[in-house]
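Inspection log for the structure reproduced underneath, given as structure tokens.
What follows draws every value from the coordinates through simple rules; no lab data is involved. None of the values given here were measured: they were computed from a predicted structure. Note that we place each Cβ from the backbone using ideal geometry, even for glycine, and neighbour counts take in every protein chain shown.
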């Protein structure tokens, strides 16, 4: 219980800071809604109906995926600022273990992701219908695993270096890869044509795996390889946690 209490205290701190950035939240919310509207309006008339009969229903799970990616990923920006301002000296003086600190930071990112995604879940239900109970469990599990992955990845990226410009460049590269080398915006057949031999990267992306589960959960597709997608997300989240612990602890104590 003491270990859990320390973890929750760290997560509560990060969650409180999240709500202070109200203008950033409003901007991200507006951007995600704009993505849905713009892509729906523009691509609905451009995409071959043989691939995507209804682009609005296709892109809605993708925006749902982006919402948890962006919000969970935000924890890394704050960790990077703390490193540059040497707030880490304060963090290591807290009465919590290194494991509690790392787990608490990741949990903070996960909670951010779930809270921010809640509104988009409602939007997805309005546009696509209500999933069954078993599919709800699948959707929430995928959200949890993606949030853990992105929280861990963002902390790792932001602690690789203390140089702000290099941090920003790495984050931008990660954003680009996960946004566009996936089937969030485009069907897999289009990715295979455009990416060629690099198409498998999109297939194994945690974003693709999550959005596959969302599309299945909200009945956009009738079947997917649930085992492959869930197993892939578990592997991604496990690796993210391990790398986060190693890199973050090195910077805290280095």
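For volume of the Cα convex hull per residue in Å³, the listed values are [x] 145; [y] 134; [z] 155; which was obtained by calculation from the structure presented?
[y]
Ranked highest first by average number of other Cβ atoms within 10 Å, how do 239-245, 144-150 line up?
Those peptides, ordered most packed to least, come out 144-150, 239-245.
For the chain, what is the calculated [θ] at 222 nm in deg cm²/dmol (nearest 500), taking -39500 (n - 2.57) for each run of four or more DSSP H residues and dividing by its residue count?
One gets -27500 deg cm²/dmol as the mean residue ellipticity at 222 nm.
Could you work out how far helix 22-44 tilts from the main Cα principal axis of the chain, as a 0 to 90 degree angle to the nearest 10?
Roughly 20 degrees, rounded to the nearest 10.
If packing is taken as the average count of other Cβ atoms within 10 Å, what order do 54-63, 188-197 fall into, highest mean first?
54-63, 188-197
Going by alpha carbons, how many degrees (0 to 90, nearest 10) lie between the helix axis of 55-84 and the longest principal axis of the chain?
Long axis of 55-84 versus the principal axis of the chain: about 10 degrees.
Peptides 122-130, 85-93, 68-76: what's the order by average Cβ count within 10 Å, highest mean first?
Per-residue Cβ counts within 10 Å, averaged per peptide and sorted highest first, yield 68-76, 122-130, 85-93.
What relative contact order, as a whole-number percentage, does the chain give when Cα pairs under 8 Å and 6 or more residues apart are counted?
Taking the mean separation of contacting Cα pairs over the length of the chain, I get 27 percent.
Can you tell me the orientation of helix 2-20 relative to the chain, as the angle in degrees between its alpha-carbon axis and the longest Cα principal axis, to the nearest 10?
Its long axis makes an angle of about 60 degrees.
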